[in-house]
Every structure is written in structure tokens, then in C-alpha cells.
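J.: One structure coming up, written as C-alpha cells, with questions to follow.
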Amino acid sequence: MLRRSTGSVRAVLKAVQLARSFASAETADCVVIGAGVVGLAVARRLALGGRDVLVLESAPTFGTGTSSRNSEVVHAGIYYPPDSLKAAFCVRGRELLYQYCSERGIPHKQIGKLIVATGPSEVPKLSNLMSHGARNGVDGLRMMDGPEAMRMEPELQCLKALFSPISGIVDSHSLMLSLVGEAESHRATFSYNTTVVGGHLEGNSMHLHVCETKNLDEHGNAQFPLQPELVLVPKVVVNAAGLSAPLLARRFHGLSGQVIPPAYFARGHYFALANTKKPPFQHLIYPIPEDGGLGVHVTLDLNGQVKFGPDVEWINGVDDVSSFLNRFDYSVSACRAERFYPPSESTTLTSRMVLWSQVIQGFGQNFPLLDILPVILWYRGRRFTGYLDWLISLESSRLV
């Protein structure tokens, strides 16, 4: 049986009347909302399984949100609680991702990662991370004393370090382009500039309310268009709408709000190291995780450019239209640069990018994971809460 909020019955009836009055209804097999890396991977897999797949994306093309604003790191599976689904999926996903990229010529590199303890109080935390990683099945982890780590990375200062040789980096755009190509070659259809603004439950079916993005844009920050231009009735719905996924779920009239966790927005800055003939680091460098994220870390792209970031800036509230149209403040605060790397005559930091993320827990709740990308699956009138438990909290390792 579908879970409905009794207080939303009137809202459901109003939504149904609105949809019937102004929009035509069309049936569909599988609808994936969002063409980020998760939506693309889901669409590809459904298409390979012989399903008719329609991907709806509000932007002009794929991967314009958080999928193109991240460290592009292939995580090993160290951070996640032992015996959790996230740990198991990250470890297995990393293996599958390296295999997928190798077979298709997608640029990637297994460069390794150092997680460093810079003070005595951090050493026990580093030991806990090694224990987590070992229990999660991460191979090759090795604890290093400071001198050994600093011989590996002469610019580093630390007391101890945990080395993960199987961590790496991947070209996220090439990965997404491959996923799109395979999905399309198996008859998946992509509809860009198309926004799902809500929906309602009718019987055992989810009805999606759809409009053109440009029409939503014309309403500014006011209410959404009073009527959908199209109502889609799919057999399978996957909400992979990135930053707007929880908001969209709350706009499915008849779906109990109790099953939709609150989301907290955070913003992080990245800076790139410029004016260097040779990159000062050859490996990924991570600190001990902090509240809300993995800490300001050093990453490299496949061209050898060094990036520092992201920090965590908690944001209070985002309006609906900004969320649906990805109109977040992506401006970079230059004053934050000196927190990342000491300035010198020979090196400077330049603005690189800003990422926006969601976490399910808020600040101070001891949740050291960032970049949450919620996904909600609806299939033939059933909402798969088991899938939701792990898909609702995919952090930056969603690339895995």
C-alpha cells in the first residue's frame, strides 16, 4: 500500500484537478529525473536491460550540476561505517569503475592518497580510519610515519599518514559522455530543458507534472506555473535530480513527508595552484575528516593541475526556483584562498570553482560526508525504501 499523508488529501485532489484541467497525460515505461552522473548511470543500466527510458533534465545538457563540480576522486571506501551498504557499494563500485574506464578508454589514473595527521590528537583518528578501511575490504592500506610520508611528498608536514594506493582520479565529463552514448545507443531518450516541477499519486501510479524550463524561468522566484504542460504516468520513476531531489520529492502530493529527510545546503570553494613549473604534490592529500565534509584537501586533475578545497560554508535556505534551475551562487570568494596554501612569490592561487552540496544531517551532527545526491525510486506503485536508505545519502563517491 502507498503511504499517504492524511493532511495532504486536499492537496492531492487539487493537484489531480489541476493536472486534468490543463495538461495532457502520457504513459511511459521508465522516467529518470536528472542527467547527472547517477541519473545517467541508472538510465544506461535500465536501457541495457531492455526498458524504454526517458531522461528529463532541466538544463540544456547533461552533467551541469554537482556532477561537474567535484574533486573527480575515485574513493577507495575508507570513510564509511563497516558493514554499511555505502562501504560495500563504494569498494565494489571502485573496482567496476576502473574496469569500465579501462575497457572504454576513459581517462583515469590510480595515483594514491595520503590521509595525514598533523597533530598528536589526530593519530588515533587515523588509526580508526585504517581499521574502517580494512574492515570494508580496502586493499593495500599502509600506515606511515611522518618522515616516510614526507619523503614521498616533500612539501608535506605531518606526524603520520595513511596511504591508500588504490585511490585515484577520473575525467568525470568523459565518463558521463560514455554513459550518455551507451544509453542512447540502447534507445534511451534525453529531453533537455524539461523540468519536473512536482507530481501526485493517483491510485497506485505516480503522475509527474512537467513543463519547459523556459516557462518555469519566466516566473522568477514566484510560484511555479499553475498548471503542468504535460503529465507523465510512468511505470518506473527515479528521482536523481541532484540538489533539487528532496525538494522535488516534497512536491509529490500524497507522498508522506515523513519518508523525506530534511536537507541542509553547504557551499565549498576550490582554488587552483598557478605559476608552478612542477606540481608540488603527486598524490591526493586529505586531512582527518571534519564536521560536514572530508576537510580541505589537495587533488590533482589528469593534466597535473593542483586544486585545494573545498571548505564548508553552511547556507540557510534556498528558494524553489533556484534549486530547480541550478541557480546557486557559484561565485568564488578570493579572500578564502590564503586558508588553503601559503602565498609566495613563485606560486599563486586562482579561483577554480564552487560546489554546492546537500547533507541529510546538519552542522554539528558528526556526519563527515559531503556532496549528497538523493535518488528516490518508484516502481509500479511501490516506493522502494530499501533503495532509498542508501541512494538518499550518496556523497562525492557517487562517481564510484
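The values are calculated or read from the model by the stated rules, or taken from the named source; none is laboratory data. Predicted, not measured: the structure shown is a model, and the values here were computed from it. Note that each Cβ is placed from the backbone with ideal geometry, even for glycine, and that neighbours are counted across all protein chains shown. With ligands, DNA and RNA removed, areas are computed over all heavy atoms of the protein, side chains included. Shrake-Rupley method; radii C 1.70, N 1.55, O 1.52, S 1.80 Å.
J.: Within the range 172-271, which helices (runs of 4 or more DSSP H) (wholly inside it) include 3 or more residues that are closer than 20 Å to residue 63 by Cα, touching a residue at least 40 places away in the same chain (Cβ under 8 Å) and open to solvent by 10 Å² or more (accessible area, probe 1.4 Å)?
T.: 172-185
J.: For the range 110-122, give me the residue count where each residue is over 12 Å from residue 144 (Cβ atoms) and of a type in the set (Val, Ile, Thr).
T.: Result for the range 110-122: 2.
J.: Could you run through the range 103-121 and say how many residues are without any contact (Cβ under 8 Å) to a residue 12 or more places away in the chain and either open to solvent by less than 80 Å² (accessible area, probe 1.4 Å) or farther than 21 Å from residue 297 by Cβ (or both)? Steps first, please.
T.: The initial filter retains those residues of the range 103-121 that are without any contact (Cβ under 8 Å) to a residue 12 or more places away in the chain, namely 103, 105, 121.
If we keep only those that are either open to solvent by less than 80 Å² (accessible area, probe 1.4 Å) or farther than 21 Å from residue 297 by Cβ (or both) too, we end up with 103, 105.
The number of residues fulfilling the criteria is 2.
J.: Taking residue 100, is it buried (at least 20 other Cβ atoms within 10 Å of the Cβ) and either in contact with a helix residue (DSSP H, G or I) (Cβ under 6 Å, 6 or more places away or on another chain) or in a helix (DSSP H, G or I) (or both)? Before the answer, list the steps.
T.: Details: buried (at least 20 other Cβ atoms within 10 Å of the Cβ): no; either in contact with a helix residue (DSSP H, G or I) (Cβ under 6 Å, 6 or more places away or on another chain) or in a helix (DSSP H, G or I) (or both): yes.
Against the criterion (buried (at least 20 other Cβ atoms within 10 Å of the Cβ) and either in contact with a helix residue (DSSP H, G or I) (Cβ under 6 Å, 6 or more places away or on another chain) or in a helix (DSSP H, G or I) (or both)), residue 100 does not qualify.
J.: Here is a follow-up. Every residue in the range 135-171 that is crowded, with 22+ Cβ neighbours inside 10 Å and assigned to a helix (DSSP H, G or I), please.
T.: 149, the sole residue that qualifies.
J.: Something else about it: Can you pull out every residue in the range 70-95 that is in contact (Cβ under 8 Å) with a residue 12 or more places away in the chain and open to solvent by 60 Å² or more (accessible area, probe 1.4 Å)?
T.: 81, 83, 85, 89
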